[in-house]
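**Student:** Next up is a structure, given as structure tokens.
The values are calculated or read from the model by the stated rules, or taken from the named source; none is laboratory data. The structure displayed is predicted, hence computed values, not measured ones. Please note: Cβ atoms are built from the backbone with ideal geometry, for glycine as well, and neighbour counts cover all protein chains shown. When the accessible area is computed, the model is the full protein with side chains, heavy atoms only, and any ligands, DNA or RNA have been set aside. Shrake-Rupley method; radii C 1.70, N 1.55, O 1.52, S 1.80 Å.
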Amino acid sequence: MPSETDVANFQATGVENLSRHISRRKKIWVDLDNSPHVPFFRPIIEELRKRNYEVLITARDAYQVRELLEFYGVSGKIVGQHYGKHKVLKALGTCWRALALLAIARKEKPDLAINHGSRACLLTCAWLRIPNVFLTDYEFAAEIPFIKPSWMMVPTVVPDERLMVAGSRVLRYPGIKEDVYLSRFHADQGLKQRLGIPPDDLLITVRPPATEAHYHNPESEKLLTEALNRFVINPGTRILLLPRNKRQEAELRSVWAGALAAGKILIPQHVEDGLNLIWNSDLVISGGGTMNREAAAMGVPVYSIFRGKIGAVDRYLVDQGHLVLLETAEDVRSKIKAVRRARSPHSFDETNSPALETIVLNIISIVESTTTISSRRESS
């Protein structure tokens with residue numbers, strides 16, 4: 001039989017182990033794979049840290065992610081970059097980045113990983129068996145064969161049919177993902193003056209399509225050209241053109257050199273807050289889902305030149321009258337209403353964001369349940 005000393009030592013060890021589990025701050029890993037992820041995850045990260053969770057941030061050096069981290073003052077480890085639009089290079093690049101993330105995750109030992117469509121993060125989590133939450137608002141994004149996330153989190157309007165997991169592994173939040181960070185928006189009324197845009201000029205913000213994305217349809221580029229050709233000749237109109245990367249910017253500067261020199265088209269020299277660019281615009285034309293949805297959420301007229309498969313969120317915004325789809329050159333000429341937009345200075349309510357609150361509570365519920373299970377396994 002064990003002696004009283006043995007029992008006392010066992011009890012002391014048990015108390016010490018329990019204390020260590022209770023006192024250790026749980027660590028949540030956030031991987032930022034694309035530019036919209038920076039403003040989206042910023043309030044989520046802030047809320048998790050307020051609740052005493054440690055947050056590890058990794059980010060891909062692509063689509064201005066690095067610049068946006070600096071702009072918003074978010075610290076993260078830069079891992080990987082963009083590897084071109086060819087499928088083989090994309091696949092190899094994803095695997096290489098996953099290996100680089102694996103080394104970080106092994107060292108940091110996160111309790112939970114969260115991302116918004118990061119395949120490299122998903123792959124790393126599969127290799128290391130890290131519980132993970134895969135957020136998405138576009139059900140037609142490419143999947144990794146045989147690799148599924150632990151949980152998925154999507155807006156309520158996204159149907160079950162196209163999701164990688166089912167049942168209780170699917171969590172939902174109200175509204176759209178742009179509602180998460182719209183709650184932190186504060187209007188910058190001096191932006192037009194800072195960019196050298198006359199106050200009385202009609203301002204059109206244009207976001208080109210993601211030409212290197214797997215879902216890209218060349219028809220989007222034709223619609224972009226049609227839109228620029230239509231408005232570059234309009235008197236009293238300025239076009240704020242927002243390229244996705246340096247390669248695309250160089251191409252656009254070459255093609256539209258004359259309009260740029262004449263000041264009809266402007267490309268910002270530095271990263272700007274996307275929501276403020278939209279708020280200061282009279283209308284938005286975009287080949288990307290995020291800027292379309294940001295404008296729709298802010299009540300700014302928005303026209304989509306995206307020609308890939310239209311997801312449930314965009315269909316919902318179209319049905320609600322918040323988004324207009326452009327499918328042909330004739331649509332560009334006839335459907336876009338180029339008129340001055342009445343705007344009043346206001347900020348959104350930071351204390352009332354059901355989408356943000358739901359996402360944070362879902363994450364906390366998962367990390368607490370997974371770490372409890374892990375602790376039981378370690379003590380058994």
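**Student:** Being open to solvent by 20 Å² or more (accessible area, probe 1.4 Å), of a type in the set (Phe, Trp, Tyr) and out of contact with any strand residue (DSSP E or B) (no Cβ under 7 Å at 6 or more places or on another chain) is true for just one of 40, 71. Which residue is that?
**Tutor:** 71 is the lone residue from the list that is open to solvent by 20 Å² or more (accessible area, probe 1.4 Å), of a type in the set (Phe, Trp, Tyr) and out of contact with any strand residue (DSSP E or B) (no Cβ under 7 Å at 6 or more places or on another chain).
**Student:** If you don't mind, another one. I need the full set of residues from the range 306-321 which are surrounded by fewer than 20 Cβ atoms within 10 Å (Cβ to Cβ) and assigned to a loop (DSSP other than H, G, I, E, B), in order please.
**Tutor:** Within the range 306-321, 308, 309, 310, 320, 321 qualify.
**Student:** If a residue must be under 22 Å from residue 180 (Cα atoms), in contact (Cβ under 8 Å) with a residue 24 or more places away in the chain and assigned to a loop (DSSP other than H, G, I, E, B), how many such residues does the range 150-164 contain?
**Tutor:** Of the residues in that region, 4 qualify.
Every residue, every condition in (1) open to solvent by 20 Å² or more (accessible area, probe 1.4 Å); (2) modelled with pLDDT under 95; (3) not charged (D, E, K, R), yes or no:
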position	(1), (2), (3)
245	yes, yes, yes
256	yes, no, yes
261	yes, no, yes
304	no, no, yes
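**Student:** Could you list, in sequence order, all residues of the range 326-375 that are open to solvent by less than 70 Å² (accessible area, probe 1.4 Å), at pLDDT 85 or above, out of contact with any Asp or Glu (no Cβ under 8 Å at 6 or more places or on another chain) and not hydroxyl-bearing (Ser, Thr, Tyr)?
**Tutor:** If the condition is that a residue be open to solvent by less than 70 Å² (accessible area, probe 1.4 Å), at pLDDT 85 or above, out of contact with any Asp or Glu (no Cβ under 8 Å at 6 or more places or on another chain) and not hydroxyl-bearing (Ser, Thr, Tyr), then 326, 331, 336, 359, 362, 363, 364, 366, 368 are the ones that fit.
**Student:** Has the range 213-227 got any residue that is of a type in the set (Gly, Ala, Ser), part of a helix (DSSP H, G or I), touching a residue at least 40 places away in the same chain (Cβ under 8 Å) and within 22 Å of residue 70 (Cβ to Cβ)?
**Tutor:** For the range 213-227, residues of a type in the set (Gly, Ala, Ser), part of a helix (DSSP H, G or I), touching a residue at least 40 places away in the same chain (Cβ under 8 Å) and within 22 Å of residue 70 (Cβ to Cβ): absent.
**Student:** Another one. Among what's in the range 149-168 and is modelled with pLDDT under 95 and open to solvent by 40 Å² or more (accessible area, probe 1.4 Å), pick the residue that is farthest from residue 128 (Cα to Cα).
**Tutor:** Ranking the candidates gives 159 first.
**Student:** Kindly provide the set of residues from the range 259-295 that are assigned to a helix (DSSP H, G or I) and more than 16 Å from the chain's Cα centre (by Cα), ordered by number.
**Tutor:** 259, 260, 261, 276, 277, 278, 279
**Student:** Still on this model: Which one of 111, 137, 201 is open to solvent by less than 50 Å² (accessible area, probe 1.4 Å), of a type in the set (D, E, K, R) and within 22 Å of residue 99 (Cα to Cα)?
**Tutor:** Working: 137 fails: within 22 Å of residue 99 (Cα to Cα); 201 fails: within 22 Å of residue 99 (Cα to Cα).
When all the criteria are applied, what remains is 111.
**Student:** From the set of residues in the range 165-212 that are assigned to a helix (DSSP H, G or I) and among the hydrophobic types (A, V, I, L, M, F, W, C), which is farthest from residue 364 (Cα to Cα)?
**Tutor:** Going through the qualifying residues, I end up with 191.
**Student:** Among the residues of the range 83-106, write down those that are under 26 Å from residue 216 (Cα atoms), open to solvent by less than 40 Å² (accessible area, probe 1.4 Å) and touching an Asp or Glu at 6+ places or on another chain (Cβ under 8 Å).
**Tutor:** 84
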